[in-house]
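Down below is the structure, laid out as structure tokens.
The values are calculated or read from the model by the stated rules, or taken from the named source; none is laboratory data. For clarity, every value in this text was computed on a predicted model and none was experimentally measured. Ideal geometry is used to build each Cβ from the backbone, glycine not excepted, and the neighbour counts take in all protein chains shown.
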Ligand SMILES: NC(=O)c1ccc[n+]([C@@H]2O[C@H](COP(=O)([O-])OP(=O)(O)OC[C@H]3O[C@@H](n4cnc5c(N)ncnc54)[C@H](OP(=O)(O)O)[C@@H]3O)[C@@H](O)[C@H]2O)c1
């Protein structure tokens with residue numbers, strides 16, 4: 001079974017780890033303080049999880065999740081992530097991340113900034129508009145009535161296909177928003193942000209959502 005590398009062990013990282021392990025994946029997870037600080041989480045996640053450095057999580061992952069605050073993206077190990085498909089769960093909170101002019105002016109999306117920081121990776125927006133704690137519990141089998149859907153975006157079709165299959169394994173339909181430049185459609189303060197939506201509902205919302213100023 002494939003291994004998911006997870007960089008960031010907070011709300012998003014730990015909950016995607018739980019869901020991935022429940023779906024049969026192995027997980028290598030990291031944080032900023034080092035593997036020894038993750039003993040409690042690894043005990044909770046069980047034998048299919050291990051702690052690593054960020055480089056180890058990047059290198060081990062057949063698919064990698066970046067679950068660090070946006071302001072920390074510059075610290076990611078770009079070399080170890082080269083050639084990898086990287087899921088980006090980021091949202092922009094200026095109070096936490098500092099003001100970023102390109103986002104304030106709607107000239108870029110958070111995922112485009114992550115892609116710029118990881119030029120040799122294929123970045124795919126994923127998991128940014130679901131509350132982290134819902135990830136292990138809201139997934140259902142494919143074909144279930146009212147199955148929850150999550151938006152994805154990316155510039156590479158094969159990378160997006162890999163993420164679609166990962167989301168499906170975790171119990172979610174994926175709706176493709178297009179390239180990274182379109183990933184604002186599920187960013188903060190948009191209608192699908194934090195809301196439980198089905199594929200049909202998300203497909204209806206995405207084309208008509210208006211871009212808001214990130215204040
Ligand atoms: N919380 C949610 O429900 C939710 C939902 C969707 C999207 N998001 C977005 O996802 C991103 C992560 O949010 P979160 O709530 O998971 O944050 P969080 O709970 O604060 O966790 C952040 C994690 O990133 C780690 N980290 C920071 N710098 C690092 C570095 N240089 N190398 C490795 N790890 C590093 C931290 O390590 P330490 O623990 O060692 O400090 C921590 O484990 C944010 O952009 C957020 O807006 C969050």
Yes or no: the stretch 85-99 includes at least one residue that is away from the ligand (no atom under 11 Å from the Cβ), surrounded by fewer than 19 Cβ atoms within 10 Å (Cβ to Cβ) and in a loop (DSSP other than H, G, I, E, B).
yes
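In this structure, is residue 13 part of a loop (DSSP other than H, G, I, E, B) and modelled with pLDDT of 95 or more? Walk me through how you get there before you give the answer.
Numbers: part of a loop (DSSP other than H, G, I, E, B): no; modelled with pLDDT of 95 or more: yes.
In short, no.
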Determine whether the stretch 18-26 contains at least one residue that is within 12 Å of the ligand (Cβ to nearest atom) and either touching a helix residue (DSSP H, G or I) at 6+ places or on another chain (Cβ under 9 Å) or not in a helix (DSSP H, G or I) (or both).
no
Kindly list, by first and then second residue, each pair from a residue in the stretch 19-46 that is without any contact (Cβ under 8 Å) to a residue 24 or more places away in the chain to a residue that is assigned to a strand (DSSP E or B) and within 15 Å of the ligand (Cβ to nearest atom), limited to pairs with Cβ atoms under 7 Å and residues at least 6 apart or on different chains.
35/51; 42/49; 42/51
Considering every residue within the stretch 52-66, establish whether at least one is within 14 Å of the ligand (Cβ to nearest atom) and closer than 19 Å to residue 134 by Cβ.
yes
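Between 178, 139, 151, which is modelled with pLDDT of 95 or more, at positive phi and within 17 Å of the chain's Cα centre (by Cα)?
Details: 139 fails: at positive phi; 151 fails: at positive phi.
Of the residues listed, the single one that is modelled with pLDDT of 95 or more, at positive phi and within 17 Å of the chain's Cα centre (by Cα) is 178.
When you look at residue 5, is it surrounded by 15 or more Cβ atoms within 10 Å (Cβ to Cβ), within 10 Å of the ligand (Cβ to nearest atom) and either in a loop (DSSP other than H, G, I, E, B) or at pLDDT 95 or above (or both), yes or no? Give the steps one after another, and end with the answer.
Working: surrounded by 15 or more Cβ atoms within 10 Å (Cβ to Cβ): yes; within 10 Å of the ligand (Cβ to nearest atom): no; either in a loop (DSSP other than H, G, I, E, B) or at pLDDT 95 or above (or both): yes.
Against the criterion (surrounded by 15 or more Cβ atoms within 10 Å (Cβ to Cβ), within 10 Å of the ligand (Cβ to nearest atom) and either in a loop (DSSP other than H, G, I, E, B) or at pLDDT 95 or above (or both)), residue 5 does not qualify.
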Could you list all residues from the stretch 49-72 that are within 18 Å of the chain's Cα centre (by Cα) and part of a loop (DSSP other than H, G, I, E, B)?
61, 62, 67, 68, 69
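In the stretch 27-41, what residues are more than 10 Å from the ligand (Cβ to nearest atom), surrounded by fewer than 22 Cβ atoms within 10 Å (Cβ to Cβ) and within 17 Å of residue 67 (Cα to Cα)? Show your work before the answer.
Taking the stretch 27-41 first, the residues more than 10 Å from the ligand (Cβ to nearest atom) are 27-28, 35-36, 39-40.
With surrounded by fewer than 22 Cβ atoms within 10 Å (Cβ to Cβ) added as a condition, the list becomes 35-36, 39-40.
The one that is more than 10 Å from the ligand (Cβ to nearest atom), surrounded by fewer than 22 Cβ atoms within 10 Å (Cβ to Cβ) and within 17 Å of residue 67 (Cα to Cα): 35.
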